[in-house]
Amino acid sequence: MSFPSTMIGGAPKGHSIHEPETVAIIDPSASIDPQTGAIIEKKSKTERLFVARLDAILLVYCCISQVLKYLDQQNINNAYVSGMKEDLNLMGNEYNFFTTYFNIGYAIFLIPSQIIITRVRPSYWLPALEVCWGTLTLFLFLVQDARQIYAIRAFMGAFEASAYPGALMLLMSWYTPREIAFRIGFYHSCQSIGSMMSGALQAAIQKTLNGSHGLSGWRWMFIIDGIITIVWGFVGLVLIPDFPSNPNPWAFWLNESHLDLARQRTMRFRRADNKKFTLGSIIRTFKQPQIYFFASLYPASVLAQAGYQYFTLFLKSIVDDQGKQVWSTEAINVIPIGGSAITVVTVWVYSYLSDYFQSRWLIVVLQAVWGLVPCIILSVWNVPLGAKYFSYFATYLSLATAPSIFAWMSDLCPHDAESRAFIIGFSIALYYAFGAWSNVLIWPASEVPHYRVAWQTSIALWLLVIIEIAALRYVEMKYIRPRNLRITQQMEADRQFDGADNARLEDEGLDKKDEAMDHVRDVRTA
């Protein structure tokens, strides 16, 4: 059996570009994709420059959008510990309900939004959503009670719902399986960067704008965040490229040669192109085991990590022997920045290793095992204060599961772009559906700083993650990978058959044309 060379931009060294593919020599550094059997060779200079262009524009745009999304999503936490609680006289678990209502809107609208994005250009849909949630963020500076915050947060969740999964769809459409985990990781790390910016921004505003024009510092933060988000939303109209098969005509940074190269990369890795959602797409997805594993694995892993979100409340609760709060408002906003910085580095390292070794499952297992450590310490609770600080910072080391999980999902669904999009949306929607009530029941603000069952619940969830990964790995090797290889072989056989059939029809067309010309000559000479 002979294999064609898959180098883009030329033939193998020492061979003419006009040589038949069957005699081309495979790059000795090439490897084989275990899911599709595709031969993966070293990138040409043209392809490397194209990937660099994607990184510089598409990835950077998505990352900045994600920073702003998480800044707008998490600034409510910094506002709460920076005067909002006292100014609005917030009581009991109202803090938790800010997240609950956001999650409800997010969970309800996510799947419909994922369907819409396959029917409306992402370059229209995603910027429109960003402008809407940016406007709502701006309006938060006007709130006077908790009920107004509930309503705005619910609509913010609805408009933000498609931002994360929509960006993942774009990245999976333009990057190959050997590139995707690191890019998703880079994009995912922007959540932590958003948290860092939220804390730093609130601390800076508290010093410089608090009381300016009669507005508290936390109100100024909503104004600034909202304006920045609205402006960046409009930028997306020209920077979002849509999909290789249906590119954005306003994306000035891509020309026809770039698009041809993108389509070649899709064919080379035997990846399915994006199509419109149909009922059949959803039914087909539910017939495969991937959706059941990832729709439970992703929510379990993210819910297991939830403890880091309550670090600021822990810091605010610490008092000295006289009952005086130990940390100032600025310090409470700044200290968790160190944890977010830990997460950024961790996400980059784990994502790079995931692509380099093409091992998704092991990366998630390592984080799950480490995640058990701080959960066990804080579930005991009666430990020195230093151990509690260590444990809260340690939780940030296990926040890098999503890039490997979604890259693994993409690997296991190479032939079905609609399934990839639906599984992403369904998994994230389930997480927000669970998060809508779990944060109130498991992490009630009224129990700060010692939660009765929260850390024990995290331990159970991390153990569930480990068990699910082992089961999914078994199913992958036993069922999913052989099935993907069979589908690829059938697709290649069909392609070769169609090519032979087309060649036959062309030959027949030439023969008929020759016959017609002979007939014309006979008529003329008659």
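The values are calculated or read from the model by the stated rules, or taken from the named source; none is laboratory data. Model, not experiment: these values are computed from the prediction. Positions of Cβ are generated from backbone atoms using ideal geometry, with glycine treated the same way; all protein chains shown enter the neighbour counts. Side chains are part of the model used for accessible areas, which takes the heavy atoms of the whole protein and leaves out ligands, DNA and RNA. Shrake-Rupley method; radii C 1.70, N 1.55, O 1.52, S 1.80 Å.
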>> Here are the criteria: (1) in contact (Cβ under 8 Å) with a residue 40 or more places away in the chain; (2) more than 16 Å from I64 (Cα to Cα); (3) of a type outside the set (G, A, S). Tell me which single one Q148 does not satisfy.
In response: (1)
> Within region 448-466, is there a residue that is among the basic types (K, R) and closer than 30 Å to V383 by Cβ?
Replying inline: yes
> Here are some conditions: (1) touching a Phe, Trp or Tyr at 6+ places or on another chain (Cβ under 8 Å); (2) closer than 24 Å to F293 by Cα; (3) of a type outside the set (A, V, I, L, M). F357 meets all but one. Which one does it not meet?
Replying inline: (1)
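I want to confirm something. Restricting to region 68-103 and keeping residues that are of a type in the set (A, V, I, L, M) and in contact with a Phe, Trp or Tyr (Cβ under 8 Å, 6 or more places away or on another chain), which single residue is farthest from P444 (Cα to Cα)? Steps first, answer last, please.
Filtering region 68-103 for residues of a type in the set (A, V, I, L, M) gives 68, 71, 76, 79, 81, 84, 88, 90-91.
Next, from what is left, pick out any that are in contact with a Phe, Trp or Tyr (Cβ under 8 Å, 6 or more places away or on another chain): 68, 76, 79, 84, 90.
Numbers: L68: 27, I76: 16, A79: 18, M84: 18, L90: 14 Å.
Applying the filter and picking the extreme gives L68.
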> When residues of region 456-495 are filtered for being of a type in the set (D, E) and surrounded by fewer than 16 Cβ atoms within 10 Å (Cβ to Cβ), how many remain?
Replying inline: 2
>> Residue pairs, Cβ under 7 Å, 6 or more apart or interchain, first in region 230-255 and more than 20 Å from K69 (Cβ to Cβ), second hydroxyl-bearing (S, T, Y). List them.
In response: F243/S173; P244/S173; P244/T266; N248/S123; W250/S123
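What are the residues in region 364-379 that are within 25 Å of T176 (Cα to Cα) and open to solvent by 10 Å² or more (accessible area, probe 1.4 Å), if any?
Step one: list which residues in region 364-379 are within 25 Å of T176 (Cα to Cα), which gives 364-367.
Listed by number, the residues that qualify are V365, L366.
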> Are any residues in region 337-361 among the hydroxyl-bearing types (S, T, Y) and either assigned to a helix (DSSP H, G or I) or at pLDDT 95 or above (or both), and if so, which ones?
Replying inline: S340, T343, T346, Y350, S351, Y352, S354, Y356
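The rows are residues; the columns are (1) at pLDDT 95 or above; (2) in a helix (DSSP H, G or I); (3) open to solvent by less than 50 Å² (accessible area, probe 1.4 Å).
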position: A167; (1), (2), (3): no, yes, yes
position: L171; (1), (2), (3): no, yes, yes
position: T176; (1), (2), (3): no, no, yes
position: A181; (1), (2), (3): no, yes, yes
position: A200; (1), (2), (3): no, yes, yes
position: A203; (1), (2), (3): no, yes, yes
position: Q206; (1), (2), (3): no, yes, yes
position: H213; (1), (2), (3): no, yes, no
position: I230; (1), (2), (3): yes, yes, yes
>> Checking R263 against (1) in contact with a Pro (Cβ under 9 Å, 6 or more places away or on another chain); (2) part of a helix (DSSP H, G or I); (3) surrounded by fewer than 21 Cβ atoms within 10 Å (Cβ to Cβ); (4) touching a residue at least 24 places away in the same chain (Cβ under 8 Å): exactly one of these is not met. Which one?
In response: (4)
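Give, as residue ranges, the helices (runs of 4 or more DSSP H) completely inside region 270-322 that count at least 1 residues that are over 30 Å from N77 (Cα atoms) and hydroxyl-bearing (S, T, Y).
Values: elements: 279-286, 289-304, 311-317.
Output list reads 279-286, 289-304.
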>> Just to check your reading of the model, which residue among I423, I459, I469 is in contact with a Cys (Cβ under 6 Å, 6 or more places away or on another chain), at pLDDT 90 or above and of a type in the set (A, V, I, L, M, F, W, C)?
In response: I459
> Does D225 fit the bill of being assigned to a helix (DSSP H, G or I), over 21 Å from I337 (Cα atoms) and of a type in the set (D, E)?
Replying inline: no
>> If I ask for residues that are more than 18 Å from I376 (Cα to Cα) and either surrounded by 14 or more Cβ atoms within 10 Å (Cβ to Cβ) or basic (K, R) (or both), which ones from region 432-446 would you list?
In response: Y432, A433, F434, G435, A436, S438, N439, V440, P444, A445
>> Pairs needed: first member in region 77-105, on the phi > 0 side of the Ramachandran plot; second member anywhere, surrounded by 19 or more Cβ atoms within 10 Å (Cβ to Cβ) and among the small types (G, A, S); C-beta distance under 6 Å; at least 6 residues apart or different chains.
In response: G83/S216
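Suppose the filter is over 24 Å from P403 (Cβ atoms), over 13 Å from the mean Cα position of the chain (by Cα) and not in a loop (DSSP other than H, G, I, E, B); does R153 pass it? Can you show your working first?
On the way: over 24 Å from P403 (Cβ atoms): yes; over 13 Å from the mean Cα position of the chain (by Cα): yes; not in a loop (DSSP other than H, G, I, E, B): yes.
Considered against the rule, which asks whether it is over 24 Å from P403 (Cβ atoms), over 13 Å from the mean Cα position of the chain (by Cα) and not in a loop (DSSP other than H, G, I, E, B), R153 comes out as yes.
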> Out of I282, I342, which single residue is under 27 Å from I115 (Cβ atoms) and surrounded by fewer than 20 Cβ atoms within 10 Å (Cβ to Cβ)?
Replying inline: I282
> Mind checking which residues of region 176-219 are among the charged types (D, E, K, R) and closer than 30 Å to K43 by Cβ?
Replying inline: R178, E179, R183
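Conditions tested, residue by residue: (1) β-branched (V, I, T); (2) open to solvent by 40 Å² or more (accessible area, probe 1.4 Å); (3) under 21 Å from the mean Cα position of the chain (by Cα).
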position: W381; (1), (2), (3): no, no, no
position: F393; (1), (2), (3): no, yes, no
position: A400; (1), (2), (3): no, no, yes
position: W408; (1), (2), (3): no, no, yes
>> Among the numbered criteria (1) of a type outside the set (S, T, Y); (2) at pLDDT below 90; (3) touching a strand residue (DSSP E or B) at 6+ places or on another chain (Cβ under 9 Å), which one does G323 miss?
In response: (3)
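Considering D416, D498, which residue is at pLDDT below 90 and surrounded by fewer than 16 Cβ atoms within 10 Å (Cβ to Cβ)? Steps first, please.
Details: D416 fails: surrounded by fewer than 16 Cβ atoms within 10 Å (Cβ to Cβ).
Step by step, each of D416, D498 is checked, and only D498 is at pLDDT below 90 and surrounded by fewer than 16 Cβ atoms within 10 Å (Cβ to Cβ).
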